[in-house]
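Enquirer: Quick one: structure below, then a few questions.
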Amino acid sequence: MYINMRYLICLSICLCLLSLPGFANNLTVQNVTLINKNATSHTYDIRFDVSWDNSWYISGAPTLTANWDAAWLFAKYSTYTGGAWSAWTHCKLLNTGYTAPSGSQMSFGTDGTNFTGAFIYRDSANTGTVNWTNAAIRWDYGTDGVSDATPVKIKLFGIEMVYIPEGTFNLNSAASASMYNEFFSSGGSITQITSENALDEASIRWAKDSTQGGQGNDNGSSYGSDALGASYPKGYNDFYTMKYEISQGQYADFLNMLTSAQASTRYPNYNGNTRHTISGTWPNYSASRPDRVCNFISWVDVTAYADWASLRPMTELEFEKICRGGQSVVTNEYPWGVNSIVADASLSINGAEDGTETIDTDVSLGAANYGSNTFSGGDGGTGPLRCGIFAKSDTTKITAGAGYYGVLEMAGSVYERGVTVAKMDHTASGGATTEAGLFDGSHGNGALDSSGNPDVSTWPGTDALGAGFFGGCFSSTAYIRTSDRTARGLTHNSRAASSYGGRCARTAP
């Protein structure tokens with residue numbers, strides 16, 4: 001359900017709370033206040049309440065089964081100077097002085113002495129709704145260059161995330177001829193990821209059934225990976241990923257927090273096309289279906305969102321870990337671990353599409369939105385659905401269409417966008433070398449350049465060299481199995497395709 005969040009305008013002599021549209025599916029952050037101003041250390045505490053449904057914490061051995069969901073919290077501030085409010089800027093936080101309510105814990109990033117956000121999650125094994133009041137994180141406004149007397153306003157955001165634990169996992173190693181460019185064992189190719197150590201060029205290989213999987217090194221029968229440095233995220237170390245794909249409400253809120261010039265660059269402008277509902281003008285963009293997965297967003301749109309939220313793109317190795325966990329490979333498997341899937345023409349929307357709608361599926365089969373299904377009920381049409389629509393209180397991993405760790409919509413819906421392992425992209429002009437091997441897992445710093453582009457130099461850039469497509473989409477029956485690498489090396493940065501979307505990740509503290 002799409003919910004209300006709040007932000008605080010704090011002047012030197014008064015406090016005024018205003019409403020802000022929600023920022024995460026089924027997550028509420030509210031009652032935000034600035035308290036405990038310390039004019040000596042130049043800090044404020046940002047106090048808030050946070051809640052969400054269907055939370056979980058699984059602990060114990062083996063490590064690969066321990067996981068939980070969390071909220072990634074970050075804040076933006078604006079100052080009043082010269083008779084006008086400044087552009088929104090990312091808050092620097094301290095990892096001291098915070099308040100984690102009973103039953104919760106917090107962890108911060110790997111950003112040095114100042115942090116760009118915090119995770120809040122359960123502190124022991126349990127499931128169900130969490131509702132924590134009077135939590136607080138500490139804003140280091142002095143480091144941000146804000147003077148004690150300057151009027152300031154704050155917005156606090158939250159995104160639901162899932163923790164993916166550390167450990168060895170399997171790559172597909174038995175090509176089935178049902179998928180393009182599958183990983184497989186040939187010429188010394190590895191079939192497991194056992195550490196984050198650097199991998200030599202062509203350490204991972206795949207069958208060449210399609211040029212869109214990455215050209216790589218031709219040994220006559222297979223193609224291979226770029227050299228992947230120790231800092232390239234291979235999925236062995238623990239990390240977080242968004243529980244859902246970016247929603248239309250989240251993306252509209254993101255646009256409103258940019259400058260006018262930045263928002264103009266990032267605005268899709270496809271309202272009314274293929275169930276896309278974002279419309280308006282800056283700074284008042286809105287989505288009439290805010291809970292719906294966002295489509296018509298390009299690689300640079302996704303990475304701009306990641307940079308702004310201080311997250312990062314995932315890699316295709318992390319994609320496989322999210323889907324499979326530490327389990328054995330199942331031939332032709334989907335992200336829910338079996339090779340069955342609901343028929344692509346059997347989806348019917350129940351109720352108005354206001355964040356409470358449900359959908360009918362065959363409860364014995366894995367669920368996904370694929371195959372250009374034209375929906376009956378709801379708003380009808382063909383396109384993305386509400387984030388997490390297949391998950392109910394009584395669903396299993398299979399019937400919810402969830403990956404091993406509970407991440408939703410890893411197959412179908414919209415294409416995931418991430419960083420490939422492929423060295424070459426055959427579709428690029430002249431077979432240009434991708435930037436995949438340069439990716440080092442750096443996080444966004446919360447800011448974009450003046451044009452609205454991400455400014456992290458080690459990410460695949462505006463040309464999308466090094467970026468790929470994972471997980472298939474709603475408009476096709478193909479490419480939705482976990483190990484189908486059909487488009488993993490495909491370079492394309494247009495947002496014109498109605499099936500383009502994405503989600504973001506972050507290395508665990």
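Enquirer: Restricting attention to segment 259-276, and to residues there that are touching a Leu at 6+ places or on another chain (Cβ under 7 Å) and not basic (Lys, Arg), which single residue is surrounded by the fewest Cβ atoms within 10 Å (Cβ to Cβ)?
Expert: Keep residues of segment 259-276 that are touching a Leu at 6+ places or on another chain (Cβ under 7 Å), which gives 262-263, 266-267.
Of the ones still in play, those that are also not basic (Lys, Arg) are 262-263, 267.
Details: GLN262: 23, ALA263: 18, TYR267: 22.
Ranking the candidates gives ALA263 first.
Enquirer: How many residues are assigned to a loop (DSSP other than H, G, I, E, B), touching a Leu at 6+ places or on another chain (Cβ under 7 Å) and not polar (S, T, N, Q) when one looks only at segment 467-509?
Expert: 1
Enquirer: Further question: Please go through segment 143-176 and give me each residue that is outside any strand (DSSP E or B), over 16 Å from THR482 (Cβ atoms) and of a type in the set (A, V, I, L, M), ordered by number. If you could, list the steps in order and put the result at the bottom.
Expert: To start, the set of residues in segment 143-176 that are outside any strand (DSSP E or B) comprises 143-151, 165-168, 171-176.
Still in the running and over 16 Å from THR482 (Cβ atoms): 143-151, 165-168.
The answer is VAL146, ALA149.
Enquirer: Failed condition for CYS10, given (1) modelled with pLDDT under 80; (2) on the phi > 0 side of the Ramachandran plot, with all others met?
Expert: Going through (1) modelled with pLDDT under 80; (2) on the phi > 0 side of the Ramachandran plot one by one, CYS10 breaks only (2).
Enquirer: Looking at PHE390, is it touching a helix residue (DSSP H, G or I) at 6+ places or on another chain (Cβ under 8 Å), outside the structural domain of GLU160 (by TED's automatic domain parsing) and in contact (Cβ under 8 Å) with a residue 12 or more places away in the chain? Walk me through how you get there before you give the answer.
Expert: On the way: touching a helix residue (DSSP H, G or I) at 6+ places or on another chain (Cβ under 8 Å): yes; outside the structural domain of GLU160 (by TED's automatic domain parsing): yes; in contact (Cβ under 8 Å) with a residue 12 or more places away in the chain: yes.
So PHE390 fits the description; yes.
Enquirer: Continuing with this model, one more query. Output the residue which, of all residues in segment 277-325 that are of a type in the set (Val, Ile, Thr) and in a loop (DSSP other than H, G, I, E, B), is farthest from PHE254 (Cα to Cα).
Expert: THR277
Enquirer: So, one more: It is to be established whether one or more residues within segment 242-249 are assigned by TED's automatic domain parsing to the domain that holds SER494 and either modelled with pLDDT under 95 or out of contact with any Cys (no Cβ under 7 Å at 6 or more places or on another chain) (or both).
Expert: Yes: segment 242-249 contains one or more residues that are assigned by TED's automatic domain parsing to the domain that holds SER494 and either modelled with pLDDT under 95 or out of contact with any Cys (no Cβ under 7 Å at 6 or more places or on another chain) (or both).
Enquirer: Would you check which residues across segment 128-174 are over 27 Å from the mean Cα position of the chain (by Cα) and of a type in the set (Phe, Trp, Tyr) and list them?
Expert: Listed by number, the list holds a single entry, TYR141.
Matching residues to (1) among the polar types (S, T, N, Q); (2) assigned to a strand (DSSP E or B); (3) under 24 Å from the mean Cα position of the chain (by Cα):
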{"residue": "ASN36", "(1), (2), (3)": "yes, yes, no"}
{"residue": "SER41", "(1), (2), (3)": "yes, no, no"}
{"residue": "PHE48", "(1), (2), (3)": "no, yes, yes"}
{"residue": "ASP53", "(1), (2), (3)": "no, yes, yes"}
{"residue": "ASP69", "(1), (2), (3)": "no, yes, yes"}
{"residue": "TRP72", "(1), (2), (3)": "no, yes, yes"}
{"residue": "TYR80", "(1), (2), (3)": "no, yes, no"}
{"residue": "GLY97", "(1), (2), (3)": "no, yes, no"}
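Enquirer: Next up: Can you confirm whether GLN250 is surrounded by 24 or more Cβ atoms within 10 Å (Cβ to Cβ), closer than 26 Å to TRP85 by Cβ and not small (Gly, Ala, Ser)?
Expert: Against the criterion (surrounded by 24 or more Cβ atoms within 10 Å (Cβ to Cβ), closer than 26 Å to TRP85 by Cβ and not small (Gly, Ala, Ser)), GLN250 qualifies.
Enquirer: Something else: Testing THR110 on (1) under 20 Å from the mean Cα position of the chain (by Cα); (2) in a strand (DSSP E or B); (3) over 26 Å from GLN327 (Cβ atoms), one condition comes back false. Which one is that?
Expert: Tallying (1) under 20 Å from the mean Cα position of the chain (by Cα); (2) in a strand (DSSP E or B); (3) over 26 Å from GLN327 (Cβ atoms), THR110 fails exactly one: (2).
Enquirer: Among residues belonging to segment 364-406 that are touching a strand residue (DSSP E or B) at 6+ places or on another chain (Cβ under 9 Å) and charged (D, E, K, R), point out the one that is modelled with the lowest pLDDT.
Expert: Checking each candidate, the answer is LYS392.
The values are calculated or read from the model by the stated rules, or taken from the named source; none is laboratory data. Because the structure is predicted, anything quoted here is derived from the model rather than measured. As a convention, Cβ positions derive from the backbone with ideal geometry for all residues, glycine included, and neighbour counts pool all protein chains shown.
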